[in-house]
Amino acid sequence: MRIAVSIEHPAWAHQFRHIIEKNNKDGESLVIAVDKDGDLRLLDAFGIKYLKLANSTGRNIVEKGWLFLKLCFSYTKAVKCFNADILIGRASPMMAVAARLTGKPHIIFEDTEVSKFSLRICKWLSSRIITPEKFFLDLGKKQERLPIYKELFYLHDEEFAPNRESIERYGIDTTEPYITVRFISWNASHDFGIKGLSDREKVEFVEELSALGRVYISSEKELPAELEKYKINLPFEMIHQMLYYATVVISEGASMASEAAILGTHAFYLNEIASGTTEEQEEKYHLLRALHDPKTRYQIALNETRELMKDPDIWQKGKEQREKILTELPDPNDIFWERMRALCAEA
């Protein structure tokens with residue numbers, strides 16, 4: 001097949017990496033990329049060639065609106081020149097427009113309910129929308145609910161293998177309990193009007209956590225000088241090894257919290273935005289704790305982390321829950337691949 005896929009976020013690079021690699025064995029793939037939070041570094045690390053069409057996703061509504069119009073044209077031109085059989089990816093409105101204008105089928109996976117503009121466009125223009133079973137929105141007849149998580153596209157045991165040495169060579173002691181913290185930039189389109197901690201509050205929060213164990217920080221924004229010593233010094237593509245061996249992960253972003261849970265690591269998700277995926281992972285597998293109240297979530301996470309760190313078996317208990325997830329849920333790459341082939345056959 002000749003497939004075109006858009007990569008507009010690091011999680012998208014992880015998610016579609018194996019499908020791109022599988023397709024490239026007998027077909028060709030056009031990877032259209034927008035520079036966002038290190039996604040291009042991931043594509044480079046994976047050895048995936050790409051066509052960069054923008055240096056950012058926009059910092060405000062005006063920039064995002066202009067980029068949408070510009071990229072609709074650029075995506076359509078690229079897809080047409082490539083002569084793709086099918087367009088795939090997440091809910092990229094630009095790809096949906098390109099699919100309609102070129103007359104090609106478009107299949108997406110989406111688990112982020114707050115991407116309302118993107119989903120509105122895709123609901124109208126895309127051919128098939130796959131979502132997890134627990135998804136808050138009804139997207140009509142094109143929606144197919146399946147028992148899969150996006151994180152299993154790249155963290156299923158068919159795709160992910162734990163490797164202590166890969167991160168120990170960078171000074172991370174996996175034999176000692178540690179806490180991984182993720183601070184986001186709060187500048188995504190769905191983040192308007194909400195925010196996290198100030199720099200001073202970040203320092204206070206991390207200092208309290210550091211009394212419980214070693215702390216490593218991943219941050220989309222520049223850290224205060226006092227926290228530089230906690231910054232993760234790892235190649236971007238190794239972050240999941242870091243999450244796997246952590247005792248606790250505290251994340252303002254849903255992706256990293258959910259990734260940690262899928263890897264069998266107890267995680268806290270600190271954000272006003274709720275999702276069906278994080279709710280299900282909390283209710284069904286008890287590895288993720290979603291805390292939405294900005295006034296209390298950081299303190300609750302701190303208090304509950306303190307309790308988790310007291311249990312010497314908490315890491316192993318988490319890995320036993322991961323085995324339950326892997327037993328109950330399939331590898332979504334196989335399912336998505338089947339749906340792609342079926343749409344191509346129908347076209």
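Picking from residues in segment 121-141 that are among the hydroxyl-bearing types (Ser, Thr, Tyr) and in contact with a Pro (Cβ under 9 Å, 6 or more places away or on another chain), the one that is surrounded by the most Cβ atoms within 10 Å (Cβ to Cβ) is Ser126. The listed residues are Pro105, Pro147, and the only one of them that is in contact (Cβ under 8 Å) with a residue 40 or more places away in the chain, touching a Cys at 6+ places or on another chain (Cβ under 9 Å) and more than 28 Å from Glu220 (Cα to Cα) turns out to be Pro105.
Of the helices (runs of 4 or more DSSP H) contained entirely in segment 278-347, those carrying at least 1 residues that are farther than 18 Å from Glu259 by Cα fall at 297-308, 332-346. Every listed requirement among (1) in contact (Cβ under 8 Å) with a residue 60 or more places away in the chain; (2) buried (at least 17 other Cβ atoms within 10 Å of the Cβ); (3) under 21 Å from Arg322 (Cα atoms); (4) touching a Lys or Arg at 6+ places or on another chain (Cβ under 9 Å) is met by Ala246 save one, (4).
Of all residues in segment 32-41, those that are buried (at least 21 other Cβ atoms within 10 Å of the Cβ) and either over 13 Å from the mean Cα position of the chain (by Cα) or at pLDDT 95 or above (or both) total 3.
The set of residues from segment 103-120 being outside any strand (DSSP E or B), crowded, with 21+ Cβ neighbours inside 10 Å and among the β-branched types (Val, Ile, Thr) comprises just one member, Thr112.
Candidates Trp66, Trp12: the one that is assigned to a helix (DSSP H, G or I), outside the structural domain of Phe183 (by TED's automatic domain parsing) and surrounded by fewer than 20 Cβ atoms within 10 Å (Cβ to Cβ) is Trp66.
Taking the stated definitions as given, is His286 crowded, with 23+ Cβ neighbours inside 10 Å and not aliphatic (A, V, I, L, M)? Answer is no for this residue. Selection over segment 196-235 of residues that are exposed (fewer than 13 other Cβ atoms within 10 Å of the Cβ), of a type in the set (D, E, K, R) and in contact (Cβ under 8 Å) with a residue 60 or more places away in the chain gives a count of 1. Criterion applied to Glu320, Glu304, Glu346 was being closer than 30 Å to Ile19 by Cα, at pLDDT 95 or above and charged (D, E, K, R), and the one residue passing it is Glu320.
The values are calculated or read from the model by the stated rules, or taken from the named source; none is laboratory data. This one's a predicted model, so the numbers in the text were calculated from it and none came from an experiment. Positions of Cβ are backbone-derived with ideal geometry, glycine not excepted, and every protein chain shown enters the neighbour counts.
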